[in-house]
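In what follows, a structure is listed as structure tokens, so that the remarks can point back to it.
The values are calculated or read from the model by the stated rules, or taken from the named source; none is laboratory data. The structure displayed is predicted, hence computed values, not measured ones. Backbone-built Cβ (ideal geometry, glycine too); neighbour counts: all protein chains shown. Heads up: the accessible areas ignore ligands, DNA and RNA and are worked out on the full protein's heavy atoms, side chains in. Shrake-Rupley method; radii C 1.70, N 1.55, O 1.52, S 1.80 Å.
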Amino acid sequence: MTTTNFELNYITNVGFSSDQGGRSFQKPGCFAIRKSDGRIFVGSRGPAAGPNVGLQMVSVDHDWFGKMSEIGRGEGQMMEPSGLAFDQEENIYVADESLHRVSVFDRDGEFLMCWGEQGTGPGQFEAPAGLLILDEKLYVVDARNHRIQIFSTSGEFLSEWGSEGSKDGEFSYPWGITSDTNGDVYIADWGNDRIQKFTFEGEHIASYGKSGSGEGQFNRPADIAVATDGKMYVADWGNQRLQVLNKDGSFITLNKGEAVEHNPWLVEYFDAVQDEKKARETFVRYFEVDTDDPHEISARLEPYFWDPCNVLLDDNDRVYVLESVRHRFQVFKIN
Amino acid sequence: MTTVSNKQDLALMAHLLRRAGFGATPAELDRAMSLGYDAMVDELLNPDHDDNVPFDKIRRWRKDYSDLRGPGGAPGGIWMYRLIMTDTPLREKMCLFWHRLFATGHTKLIQGRPVVRQIDMFRKHGMGSFDNILVELSKDPAMIMWLDNQDNHATNINENYGREILELFSMGVGNYTEDDIKETARAFTGWSIVNPIYNSIKMNNNVMRPFGYLSWQFQYNDDDHDHGEKTILGETGNWNGEDAVRIICKNEATARFLARHLYHFFVADEPPVPAWPMVEPRDPEAIDALVNAYFESGHDVKSMLETIFKSDFFKAESVRYARIKSPAEMVVGTMRLAGSIDPLSNEANQAVDACANMGQSLLRPPSVEGWQGGTDWINTGAYVERVNFAGKILKNTDKSGIRDLINRVKAKSTSSTMSSDEFVDSCLEVLGPLEVTEGTSRGLKDYASKYGDLSWSDEASSTEFDKAAGSILQLIVSGHEYQMA
């Protein structure tokens, strides 16, 4: 299947790096959009003892609504948020890969409950990652146990599928998870460099991609979003790019990131720090790099994605890519 | 039966593996003995594969390692993980050597990543031609920013790098003039990094804002290079940086300086470097042999190393245990004895902290002069740190390496018992073998006599045996012999 006249047009970026807390993300690990108001929740992981840890609440228009939760191991606190999902009531579910648990907050940010501990048994986790709510069930990608666990939205363990391996239905450190309009489930099978598609009960339907840096190939894919037309948007983490695939897995396009403009948070910052603003005027964003290591290339070229870890779609044909080491997300319009 | 001859061979092999690596586990020593001495030297000199470091998992789950910005323990931790896990130890040992000689620190740079990348450069080029190493060093972004060469312009030179490449990195004091420094600095004008102004201010202001770390890349600006005629060490021409390196490297003072550094690091402690112009080398003939190897091989560092490891002056009993282990050698060697570490754990960072507490903060040398080594490593506080660290690691009988040591101690006996004297001798043997003085041996045996004959015939006695082994191993590594390489 071929797709013509498909374009991704860069719109803006949202984010800012600071170890002082406030309006900024630090090493964000996940994000999700609340449907009712379009508010975007960004899981900021921060430095080990930083004030940034929690869920930063922003909009695509660079509004900042504050932060939910704080660093800590107690109930209602978090260390390294790694997956987010909303239920019908817009309660928010947060996976924490450091605390090996899932926490739930209501729409106003009040802590409701949490469950899970480190381990391999039912209801235990080894670095939980992506979350998905489908038909009032919570799917948790249990990354280092190489499985998917399914719970009721009140935390009752229901079932699980998957084990470590590379055959159909097996996983190697899976990360992101999503579903399509049919209710089928897609999982970024990180260590196997592929996307796997399942029925909601875990029956394998298809696999897409293989190891490599070519078109349609992956290097440790971190996350996937699927549009209503079936197109797949994959955060190709190790290749430092976004790939767009047709429903059948054929390649459409890729993007390495284009964050060239100063978002309003930056403008305000540079207005306050004149010596950096003046030096920034000499800043060359793109130059010929002398390495072929994608991670190092992204470390040098600021407009590029650096460790794109999450991808989202909204109802307005926009795609969002979260970059854990550039402390921002980039937004594109699908045309 | 252990013959005198193969006991001597074993001691020599253990000496090689302490100096060209970080000591050996009993299994590594067995393998080396099966290869033979010269073949082992050849293997150490010719690593044929990269270390298997799971960077993807580390970047995913260790957010402090993901950009290596630091300046906390993470940048050192990523190197420490490799030091502990490598099966190409001489290559890593050479990284330590160059780090000590070309000391660059993220104390000034504020970020760890460029220094980690400098260590990567040492790993790639560190056993090749010295000319190439100096050219790569001169292009290294961490070194450029460390010694301000981004401020070395055609119209306004900055002498820092010109001075240090002559004084600290190649020839040593007394072998060049102040004019040579200026002229060498002129040769390196225009050797800078991409975005020098913006990256300098980010470094000076210590900010990650707005979008985190930007990795530095070398950039040569021909427009900013002084194209005039220069005279360096008596040679006149329109020299650029590569020419300056070529002129420096063909000078005998460079060969002698490098030879003495290698001798100091691999053979026996020399006095601190500032004393070298006044104090003759400990073994002038050995230095001559290394100088010859340097010139005969076209300035090849690997050839100098081969000369060292296959020479009589290296094999002599008089130089064994004649060097005080650096903190990095002590910590890495002890960790390697204990077995593999989890890349997602804090063990590597804790090992970096231990080194720092003993006086060697990896990637954060005290100054551009690096660490002098030798007796500078030892003072009361540092010695206590060493003893506590080694004891803590070796008493953990759950670690795979320690379990292997204990099992090998047991295997020394044909029955399920051994006397306390045999027990001590066996523990010393599996730890190196470690040669200790008669006094130390007696002290250990007196201590172990409280256990009487040791047995492991049932679970209870085996548990007691393990505890005793943990205690004796801890006691052995607290002795001064374990601090020597």
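Just to verify a result, which residue in the stretch A:31-62, among those that are among the basic types (Lys, Arg) and more than 14 Å from every other protein chain (Cβ to nearest Cβ), is farthest from A:Gly109 (Cα to Cα)?
A:Lys35
Suppose we filter the stretch A:171-191 for residues that are over 21 Å from A:Asp315 (Cβ atoms) and within 14 Å of chain B (Cβ to nearest Cβ); how many remain?
8
Kindly evaluate A:Asp19 against the criterion of being at pLDDT below 95 and either at positive phi or out of contact with any Leu (no Cβ under 7 Å at 6 or more places or on another chain) (or both).
yes
From the residues in the stretch A:288-308 that are touching a residue at least 40 places away in the same chain (Cβ under 8 Å) and at the interface with another protein chain (Cβ under 8 Å from one of its Cβ atoms), which one is nearest to the chain's Cα centre (by Cα)?
That would be A:Asp307.
Restricted to the stretch B:167-220, and to residues that are basic (Lys, Arg) and under 21 Å from A:Tyr304 (Cβ atoms), which residue is nearest to the other protein chains (Cβ to nearest Cβ)?
B:Arg209
So, B:Arg69, is that one more than 10 Å from chain A (Cβ to nearest Cβ), among the basic types (Lys, Arg) and crowded, with 16+ Cβ neighbours inside 10 Å or not?
No; evaluated as a whole, the condition is false for this residue.
Say we look at the stretch B:10-24 and pick out the residues that are touching a Phe, Trp or Tyr at 6+ places or on another chain (Cβ under 7 Å) and in a helix (DSSP H, G or I); which of these is most open to solvent (accessible area, probe 1.4 Å)?
B:Leu12
Somewhere in the stretch A:280-287, is a residue open to solvent by less than 40 Å² (accessible area, probe 1.4 Å), of a type in the set (Ser, Thr, Tyr), farther than 19 Å from A:Ala225 by Cβ and at the interface with chain B (Cβ under 9 Å from one of its Cβ atoms)?
no
Among the residues that make up the stretch A:250-267, is at least one of them within 25 Å of B:Tyr65 (Cα to Cα) and among the small types (Gly, Ala, Ser)?
yes
Within the stretch B:132-144, identify whether any single residue is within 15 Å of the chain's Cα centre (by Cα) and assigned by TED's automatic domain parsing to the domain that holds B:Phe295, and answer yes or no.
No, every residue in the stretch B:132-144 fails to be within 15 Å of the chain's Cα centre (by Cα) and assigned by TED's automatic domain parsing to the domain that holds B:Phe295.
Residues in the stretch B:25-41: is at least one closer than 16 Å to B:Met127 by Cα, more than 14 Å from chain A (Cβ to nearest Cβ), under 22 Å from the mean Cα position of the chain (by Cα) and open to solvent by less than 30 Å² (accessible area, probe 1.4 Å)?
yes
Could you please find all residues in the stretch B:381-410 being of a type in the set (Phe, Trp, Tyr) and surrounded by fewer than 18 Cβ atoms within 10 Å (Cβ to Cβ)?
B:Tyr383
Identify all residues within the stretch B:340-349 that are buried (at least 18 other Cβ atoms within 10 Å of the Cβ) and either among the polar types (S, T, N, Q) or on the phi > 0 side of the Ramachandran plot (or both); write none if there are none.
If the condition is that a residue be buried (at least 18 other Cβ atoms within 10 Å of the Cβ) and either among the polar types (S, T, N, Q) or on the phi > 0 side of the Ramachandran plot (or both), then B:Asn349 is the only one that fits.
Those residues that are farther than 13 Å from B:His480 by Cβ and either in contact (Cβ under 8 Å) with a residue 60 or more places away in the chain or in contact with an Asp or Glu (Cβ under 9 Å, 6 or more places away or on another chain) (or both), I need them from the stretch B:381-395; list them, please.
Within the stretch B:381-395, B:Gly391, B:Leu394, B:Lys395 qualify.
Could you list, ordered by first residue, the pairs with Cβ atoms under 7 Å in which the first is in the stretch A:133-159 and within 16 Å of A:Leu84 (Cβ to Cβ) and open to solvent by less than 20 Å² (accessible area, probe 1.4 Å) and the second is part of a loop (DSSP other than H, G, I, E, B) and aromatic (Phe, Trp, Tyr), at least 6 apart or interchain?
Pairs that qualify, where the first residue is within 16 Å of A:Leu84 (Cβ to Cβ) and open to solvent by less than 20 Å² (accessible area, probe 1.4 Å) and the partner is part of a loop (DSSP other than H, G, I, E, B) and aromatic (Phe, Trp, Tyr), are A:Val141/A:Trp175; A:Ala143/A:Tyr173; A:Ala143/A:Trp175.
Take the residues in the stretch B:457-471 that are charged (D, E, K, R) and without any contact (Cβ under 8 Å) to a residue 40 or more places away in the chain; name whichever of them is surrounded by the most Cβ atoms within 10 Å (Cβ to Cβ).
So, considering only residues that are charged (D, E, K, R) and without any contact (Cβ under 8 Å) to a residue 40 or more places away in the chain, the one surrounded by the most Cβ atoms within 10 Å (Cβ to Cβ) is B:Glu464.
Please specify each residue of the stretch A:316-329 satisfying the condition of being more than 9 Å from chain B (Cβ to nearest Cβ) and either within 12 Å of the chain's Cα centre (by Cα) or over 19 Å from A:Asp63 (Cβ atoms) (or both). Before the answer, list the steps.
Here is the first cut: in the stretch A:316-329, the ones more than 9 Å from chain B (Cβ to nearest Cβ) are A:316-322, A:329.
Scanning the stretch A:316-329 gives A:Asp317, A:Val319, A:Tyr320, A:Val321, A:Leu322, A:Phe329.
Specify which of the listed residues (B:Ala20, B:Ala39, B:Ala27) is more than 30 Å from B:Ile248 (Cβ to Cβ) and modelled with pLDDT of 95 or more.
Just a single option satisfies the conditions, and that option is B:Ala39.
Hey, A:Tyr269 hits all of (1) of a type outside the set (Asp, Glu); (2) within 13 Å of chain B (Cβ to nearest Cβ); (3) free of Cβ contacts under 8 Å to residues at least 60 places away in the same chain; (4) surrounded by 14 or more Cβ atoms within 10 Å (Cβ to Cβ) but one; which does it fall short on?
(3)
Mind counting the residues in the stretch B:361-380 that are under 17 Å from B:Asn160 (Cβ atoms) and open to solvent by 40 Å² or more (accessible area, probe 1.4 Å)?
First, pick out the residues of the stretch B:361-380 that are under 17 Å from B:Asn160 (Cβ atoms): B:365, B:367-370.
Going one step further and asking which of them are open to solvent by 40 Å² or more (accessible area, probe 1.4 Å), we end up with B:367, B:369.
Selection size over the stretch B:361-380: 2.
Here are A:Gly50, A:Gly76, A:Gly38: which of them is open to solvent by less than 10 Å² (accessible area, probe 1.4 Å) and outside any strand (DSSP E or B)?
A:Gly50
I'd like to verify a number: residues in the stretch B:451-485 that are outside any helix (DSSP H, G or I) and of a type in the set (A, V, I, L, M, F, W, C), how many?
Here the count works out to 4.
Would you pick out the residues in the stretch A:250-266 that are open to solvent by less than 20 Å² (accessible area, probe 1.4 Å) and away from chain B (no Cβ under 12 Å)?
Matches in the stretch A:250-266: A:Asn255 only.
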